[in-house]
């Protein structure tokens, strides 16, 4: 159904797409979600919101520093809630310690 790359456990709305992801391990959690049976959706939603999605049959989670996704064709992907048009092949890589934060100096 979809693949999510997580470097933290929160997906939004307190949904834990990868409950054991860590901001500090230098790895991405590659979460491969299979399409669930329609009758299983309430159970899957509950598992997602209670940080137990990894204990279901609909997701496989692997850790990696870098991954290449080869899709059937180019198209849109969702990056942090925004649709972005990308080529058929998508390279995803984690860059540890690369976030710079600017803070105002104290008076």
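Quick check on residue 53: is it in contact with a helix residue (DSSP H, G or I) (Cβ under 6 Å, 6 or more places away or on another chain) and surrounded by 10 or more Cβ atoms within 10 Å (Cβ to Cβ)?
Yes.
Could you please find all residues in region 70-92 being part of a strand (DSSP E or B) and in contact (Cβ under 8 Å) with a residue 60 or more places away in the chain?
Residue satisfying the conditions is 92 alone.
Could you identify the single residue in 36, 96, 107 that is at negative phi, in a loop (DSSP other than H, G, I, E, B) and surrounded by 13 or more Cβ atoms within 10 Å (Cβ to Cβ)? Outline the logic, then answer.
Values: 96 fails: surrounded by 13 or more Cβ atoms within 10 Å (Cβ to Cβ); 107 fails: surrounded by 13 or more Cβ atoms within 10 Å (Cβ to Cβ).
Of 36, 96, 107, the one residue that is at negative phi, in a loop (DSSP other than H, G, I, E, B) and surrounded by 13 or more Cβ atoms within 10 Å (Cβ to Cβ) is 36.
Take region 56-69 and flag every residue that is in a strand (DSSP E or B) and in contact with a helix residue (DSSP H, G or I) (Cβ under 8 Å, 6 or more places away or on another chain).
59, 61, listed by residue number.
No value in this document is a laboratory result; all are computed from the given coordinates. A quick note: this is a predicted structure, and the numbers were derived from the prediction, not measured. Cβ atoms come from the backbone with ideal geometry, glycine included; neighbour counts cover every protein chain shown.
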